[in-house]
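Written below as structure tokens is the structure these notes are about.
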Amino acid sequence: MIPRAKSSLTHVDESGDAHMVDVSDKHPTLRTAIARGQVRMNQETLDLIKQDGIKKGNVLAVAQIAGITGAKSCSQIIPLCHPINITKVSVKLNLVEKSHEEPLCCSVDIEAQVRCKGETGVEMEALSAVSIAALTVFDMCKAVSKDMRIENIRVVEKTGGKSGSWKLNE
């Protein structure tokens, strides 16, 4: 057996094995997280989304519902996430036309906000919402554009809990 270095990671025990953190001693607080990301694409694909011309259906409506489902399913797909009693999920998708000449000049920008009153934060749920919404946009549009890129998925703000509030300076 290879000796493991002691870790300060919360999901690793004294012997270096992964485990779910025990949050039973924490007091429930109101917690929020906001995450963002984008799907970069060409103008033609963006125009088809705007005109509801994608054969699989209304891209923005389906991606919004998929993102909400992604937040609710987070603990089922990420092994060490706690199941959380989410009190609110919102997923917003905005079409962005850019004026520069590169091929992927447009995007669907995605923002998810997740809230709960609980013992642990909802950053992973917000990230899951954005990720699943972005994957859904990609899936629905891949027949017309193979060169789309999912980019820049990140937490931009969180509130609540022992560590308090935090906001990314963008």
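The values are calculated or read from the model by the stated rules, or taken from the named source; none is laboratory data. What you see is a predicted model, and the numbers here were worked out from it, not measured in a lab. Here the Cβ is made from the backbone with ideal geometry for all residues, glycine too, and neighbour counts use every protein chain on show. Side chains included, ligands, DNA and RNA excluded: accessible areas come from the protein's heavy atoms. Shrake-Rupley method; radii C 1.70, N 1.55, O 1.52, S 1.80 Å.
Observations on the structure shown:
- Residue identified as farther than 21 Å from Thr87 by Cβ and in contact with a strand residue (DSSP E or B) (Cβ under 7 Å, 6 or more places away or on another chain) among Glu111, Glu170: Glu170
- Identity of the residue in region 46-76, small (Gly, Ala, Ser) and free of Cβ contacts under 8 Å to residues at least 40 places away in the same chain, that ends up surrounded by the most Cβ atoms within 10 Å (Cβ to Cβ): Ser75
Condition check ((1) under 14 Å from Lys72 (Cα atoms); (2) within 19 Å of the chain's Cα centre (by Cα); (3) open to solvent by 40 Å² or more (accessible area, probe 1.4 Å)) across all residues:
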{"site": "Cys106", "(1), (2), (3)": "no, no, no"}
{"site": "Ile110", "(1), (2), (3)": "no, yes, no"}
{"site": "Gln113", "(1), (2), (3)": "yes, yes, yes"}
{"site": "Val122", "(1), (2), (3)": "yes, yes, no"}
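- Residues satisfying the stated conditions in region 57-76, i.e. in contact with a Ser or Thr (Cβ under 7 Å, 6 or more places away or on another chain) and among the aliphatic types (A, V, I, L, M): Val62, Ala63, Ala66, Ala71
- Of all residues in region 157-169, those that are part of a loop (DSSP other than H, G, I, E, B), open to solvent by less than 90 Å² (accessible area, probe 1.4 Å) and either touching a Leu at 6+ places or on another chain (Cβ under 8 Å) or not small (Gly, Ala, Ser) (or both) total 2.
- Pair list, Cβ under 8 Å, 6 or more apart: region 93-121 residue among the polar types (S, T, N, Q), other residue open to solvent by 20 Å² or more (accessible area, probe 1.4 Å) and assigned to a loop (DSSP other than H, G, I, E, B): Ser107/Lys98; Thr120/Val21; Thr120/Val23; Thr120/Lys26; Thr120/His82; Thr120/Ile84; Thr120/Gly161
- Counting the residues of region 97-156 that are part of a strand (DSSP E or B), among the β-branched types (Val, Ile, Thr) and within 18 Å of Leu168 (Cβ to Cβ) gives 5.
- Answer from Glu44, Glu14 - the residue that is in a helix (DSSP H, G or I), more than 22 Å from the chain's Cα centre (by Cα) and of a type in the set (D, E, K, R): Glu44
- Checklist (1) open to solvent by 80 Å² or more (accessible area, probe 1.4 Å); (2) closer than 22 Å to Ala63 by Cβ; (3) touching a strand residue (DSSP E or B) at 6+ places or on another chain (Cβ under 9 Å); (4) assigned to a loop (DSSP other than H, G, I, E, B) applied to Pro79, failing item: (2)
- The one condition from (1) over 29 Å from Asp17 (Cβ atoms); (2) of a type outside the set (D, E, K, R); (3) assigned to a loop (DSSP other than H, G, I, E, B); (4) open to solvent by less than 70 Å² (accessible area, probe 1.4 Å) that Ser90 does not meet is (3).
- Annotation note: Cβ proximity below 6 Å between a residue of region 152-170 that is touching a residue at least 12 places away in the same chain (Cβ under 8 Å) and within 14 Å of Val122 (Cα to Cα) and a residue that is exposed (fewer than 15 other Cβ atoms within 10 Å of the Cβ) and small (Gly, Ala, Ser) (sequence gap 6+ or interchain) occurs for Thr159/Ser165.
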